[in-house]
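Below: one structure, written as structure tokens.
Read the figures in this text as sums done on the coordinates, not as results from a lab. It should be emphasised that the depicted structure is a prediction, and the values quoted were computed from it without experimental measurement. Because the Cβ atoms are built from the backbone with ideal geometry, glycine has one as well, and the counts that use them run over all protein chains shown.
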Amino acid sequence: MTVSIFSEITGVGHYIPQKTLSNDDLSQLMDTSDAWIRERSGIHERHIADLKEGTSDLGLHAAKEALKAAGMTAEDPDLILAATLSPDYYFPGIGVMIQDKLGARDTPAMDIRGQCSGFSWCLATADAFIRSGQYRTILVIGAEIHSRIIEFSTRGRNVSVLFGDAAGAAVLRRKESPHDIKTALHDPTFSGLIDHEMGSDGSGADLLAVTRPGCSSGHDSLITTHEAENKAFLPVMDGKQVFRHAVNRMSCAVTTLLNRHDVRPEQIDLFIPHQANIRINDMVRQKLALPPEKVFNNIHKYGNTTSATIPLCMYEAEKEGRLKKGNLLVTAAFGSGFTWGANLLRW
Ligand code: COA
């Protein structure tokens, strides 16, 4: 009998910092309002990390929970993949920090820079490593502390009201199955990753970016005192352009992925889109002709947590009984870069 190698998500974890910041709280800090933020983004509140916590600490909590859910110890993963746009240090990345804090001695830890597509890309990369036969167990993590790189003032309001802090993680395990991809896709008793779509368009890099500190041309140091005093390290964003590209790229990524496998949208049990804006997700849902009950959103509670949104949704959807064993799940992400991705799997 021939067998194929697949990877399966065997545990998911999350971490939400305790402190909340409501839209009304924000309106005390800047010229904004609960009504404006709800209407334009769907966000009601977000969580903010404690000063005692760094991004790697948020990731560590999520990683520990995912390992526990998978019935594994820190020594079990052969590889750690981590995604963030808000690392503890400029370098190294958070992967090695989480590896050290976990006590996962000598396990290779790699950071993947896909911004809001980071977790989707980690899943695709982990799946490829497992299918290649190189690794059997991979821990993937998305963690962010945005609250330290945004400005809670009227100047920064177009960005700062949208983002929150959180982390999510998943454990992927190698499994062998008599199925090939086609039969796995149509067997609701199967559980495993099917396929992925990834894309980038660097011509959009400056439309959502933190450009300083950096080593771009024309600068003789990472950041000057003048730049630091003028907070040149804050994100810049053309919200309207980002919105338009997000709707197009996320819906195209899902359509491409589904078409590749002759899957019709009505065959999908659940769609988990990146949580950047509820209006983006509604438009993507309409383009895909999916009913609202097949889409999982939790942006109202957390805002945009970048690389953590998808595992956070997976975690909550499963807890709420919206995502059950064998369900056909599709995810979609879009972020700074521009980058985008989609994952197709049976839960
Ligand atoms: N509170 C109140 N007013 C605000 C505000 C805030 N937090 N932020 C911006 N405004 C103002 C603007 O200054 C503008 O004022 P003006 O008309 O006097 O110039 C007005 O509100 C409208 O701004 P506009 O940019 O037209 O709003 P919008 O409908 O495009 O919504 C976003 C703005 C940012 C919510 C929306 O463009 C968006 O979500 N884009 C995608 C962002 C994203 O998802 N980024 C991450 C991708 S991974």
**Request:** Return one number: the angle in degrees, 0 to 90 and rounded to the nearest 10, between the long axis of the Cα atoms of helix 309-319 and the longest principal axis of the Cα atoms of the chain.
**Result:** 50 degrees
**Prompt:** Can you work out the FRET efficiency for the pair Asp269 and Ser177, with r the C-beta to C-beta distance and R0 = 25 Å, to the nearest 0.05?
**Reply:** 0.80
**Fill in**
With the 8 Å Cα cutoff and a minimum separation of six or more residues, region 4-177 has a relative contact order in percent of 36 percent
**Message:** How big is the dipole moment of the chain about its Cα centre under a simple scheme where the beta carbon of each Lys and Arg is +1, that of each Asp and Glu is -1, and everything else is neutral? Debye, nearest 20, please.
**Reply:** 620 debye
**Calculated log₁₀ intensity ratio I(q)/I(0) where the Debye formula runs over C-alpha points of the chain, q = 0.06, 0.07, 0.15 Å⁻¹** = -0.20, -0.27, -1.28
**Item:** For region 1-96, fraction of C-alpha pairs farther apart than 22 Å, in %
**Value:** 52 percent
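Which order do peptides 209-215, 225-231, 112-118 fall in by mean Cβ count within 10 Å, highest first?
Listed from highest to lowest mean packing, they are 112-118, 209-215, 225-231.
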**Asked** How large is the dipole of region 4-177 about the Cα centre if only Lys and Arg carry +1 and Asp and Glu carry -1, each at its Cβ, rounded to the nearest 20 debye?
**Response** 320 debye
**Asked** Taking every DSSP beta bridge that has both residues in the chain, what percent is antiparallel when rounded to the nearest 5?
**Response** 75 percent
**Prompt:** Got the relative contact order for the chain handy, in percent, Cα pairs under 8 Å and 6 or more residues apart?
**Reply:** 25 percent
**Fill in**
So for region 193-347, using the alpha carbon gyration tensor with a ≥ b ≥ c as root eigenvalues (a/c under 1.5 gives rounded; past that, a/b versus b/c decides prolate or oblate), I'd call it prolate
**Message:** Can you give me the angle between helix 239-260 and the longest principal axis of the chain, using Cα atoms only, in degrees from 0 to 90, rounded to the nearest 10?
**Reply:** 10 degrees
**Fill in**
In terms of the alpha carbon gyration tensor, root eigenvalues a ≥ b ≥ c, rounded if a/c is under 1.5 and otherwise prolate when a/b exceeds b/c or oblate, region 191-255 is prolate
**Message:** What does the extension gain come out to for Asp78 and Arg260, with contour length at 0.36 nm per residue minus their alpha carbon separation?
**Reply:** 62.5 nm
**Computed Kirkwood radius, in angstrom, where 1/r is averaged over Cα pairs of region 4-177** = 16.9 Å
**Fill in**
Proxy exposure order for Trp36, Trp121 (fewest C-beta within 10 Å first) is Trp36, Trp121
**Message:** How far apart, in nanometres, would the label points at Thr20 and Thr225 be if each is projected 7 angstrom from Cα along the Cα-to-Cβ direction?
**Reply:** 4.4 nm
**Message:** Can you tell me the orientation of helix 278-287 relative to the chain, as the angle in degrees between its alpha-carbon axis and the longest Cα principal axis, to the nearest 10?
**Reply:** 40 degrees
**Message:** Using amide H atoms built in the peptide plane, which far-off residues or other-chain residues are under 5 Å from His219 H to H?
**Reply:** none
**Asked** Given labels modelled 7 Å from the Cα in the Cβ direction, how far is it in nm from Thr154 to His186?
**Response** 6.2 nm
**Item:** In Hz, Karplus ³J(HN,Hα) per residue of region 292-299 (6.51, -1.76, 1.60; θ = phi - 60°; x = Gly, Pro)
**Value:** x, 5, 9, 10, 9, 10, 9, 4
**Fill in**
Karplus ³J(HN,Hα) for region 125-131 (6.51 cos²θ - 1.76 cosθ + 1.60, θ = phi - 60°; Hz, whole; x = Gly/Pro) runs 5, 4, 4, 5, 4, 5, 5
**Which of Glu144, Glu266, Glu316 has the fewest Cβ neighbours within 10 Å, and the rest in rising order** = Glu266, Glu316, Glu144
